[in-house]
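K.L.:
Below you will find the structure I want to go over with you.
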Amino acid sequence: ILVARDIVKRNSADAALSAVGAGVLTSQLVTANNNFLQSYRIPRSRGGGAGGSAQDRRGADRFRNVVMQSRDPFSWSRSDHDLNLFLIKFNQSGGTDMVDYDRWVAADAMGLEVNLPWPLKDINIPLGWGGAQAVQRYQQQRFMPGFANGSGWVSEFNNNRRYRPYGNIRGENRAASSMVDSDPNVSLDNGKKRDAYFTGYQGLRDYDDVKSGQGLRPYTEPGSRADPAKNTGPIFTVHVETDVAKARTSAAIDGIGGPAGSPMAMEDKAAGGKISAYASGQVYFNRPPNYALFKRGDNRLEVGNLFSPYWQARLIDTPDSVEVLLGITRL
């Protein structure tokens, strides 16, 4: 409402939202919030997923999945087989994961693996390791086993592929990964475990998004006045009025309409001395499918969500129900 009032004033200093128009717009805002939006709260207990309701955890998982998918390649995985000489292999592994909803964890290791023939056991020698965590306060959180108790993260964006914690550090460097957990800041180099934790990070924040199951359709043509594509997005109506004496009509502009009393003179009359105008707009979601710059790589249809920027607005016919509230009768 504040935005609507500001725009009206910038275009016509003497005009304003009508009282009934402000009421209608407020009602539309409440309806849009109730019908289309849902608030998601992030569990704040230690360990992230252990606290909060099932709905809270589902909403937090959804947000965290987007965050995990959005990592840059260096954060995603730093694992690489640097050198492989017959029975000897040098492994470098690591990655950065959001293990819970409130902490980022990075772990890196390098190890020497000697593959011995059966029945001898392979030899794993840790050569280097290190870890760091961004947390709200110093808690000595564990590094291992990592995301989902070591089972890793399943990306619904990549055909439900499973990614092991920290670029599969435990699979590539099991001996060195255990050193990350017990000695993340390398005490051999005078590092203190406490210094591996960076405090002040508050984790994922509570957020709003399109209500689960709402499934706002991408662009569709407006329907009838009785039902103007209501599932496409919320509708907002602005009803503006001003004193007819201050409106820029022919009679109010000098030199147009003729002097008072002449045959050409025109007199402005309006109910209650007011003149008004109204218009309705609809917010809708549309990811342009015909432009390579915006086209999804998986060719899937994307429905409305507040994580994406593809929201637009269009003028539509004002619904009959809104015109009734405004007291407007069509001739």
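K.L.:
Students often get this wrong, so check it: of Lys211/Lys295; Lys89/Lys121; Lys89/Lys192; Lys9/Lys274, which have C-alpha atoms separated by over 21 Å?
P.N.:
Violating the 21 Å Cα-Cα cut-off are Lys211/Lys295; Lys89/Lys192.
K.L.:
Near Lys193, which aspartates and glutamates are there with a Cα under 18 Å away, not counting those fewer than 8 places off in the same chain?
P.N.:
Output for Lys193: Asp108, Asp181, Asp183.
K.L.:
Could you give the nm distance between label points at Gln55 and Arg142, where each point is 7 Å from its Cα heading toward the beta carbon?
P.N.:
If labels sit at Gln55 and Arg142, their model points lie 3.2 nm apart.
K.L.:
Restricted to Cα positions, what overall size does region 110-184 have along the principal axes? Three whole-Å values, descending.
P.N.:
Each principal axis gives a Cα extent; for region 110-184 these are 45, 36, 16 Å.
K.L.:
Taking 0.36 nm per residue of sequence separation and subtracting the Cα-Cα distance, how much length would be gained by fully extending the chain between Val3 and Leu325, in nm to one decimal?
P.N.:
Extra length from Val3 to Leu325 when fully extended: 113.8 nm.
K.L.:
Right, next: Once both labels are modelled 7 Å past Cα along the beta-carbon direction, what's the Arg71-Ser12 spacing in nm?
P.N.:
5.6
K.L.:
To the nearest 0.05, how large is the calculated FRET efficiency for Asn115 and Ser308 if R₀ is 56 Å and r is the Cβ-Cβ distance?
P.N.:
Result of the calculation: an efficiency of 0.75.
K.L.:
Here is a follow-up. Please work out the Cα center distance from region 306-320 to region 1-31, rounded to the nearest Å.
P.N.:
18
K.L.:
For Thr199, project a label point 7 Å along Cα to C-beta. Then give me every residue of region 97-141 with its amide nitrogen under 12 Å of that point.
P.N.:
135-140
K.L.:
Given R₀ = 35 Å, FRET efficiency for Asp183-Arg62 by Cβ-Cβ distance, to 0.05?
P.N.:
According to the calculation, E is roughly 0.50.
Since every read-out is calculated from the coordinates, none of them should be taken as a lab result. From a predicted model like this one, the values you see are computed outputs, not experimental measurements. Using ideal geometry, Cβ is built from the backbone for each residue, glycine included, and neighbour counts are taken over all protein chains shown.
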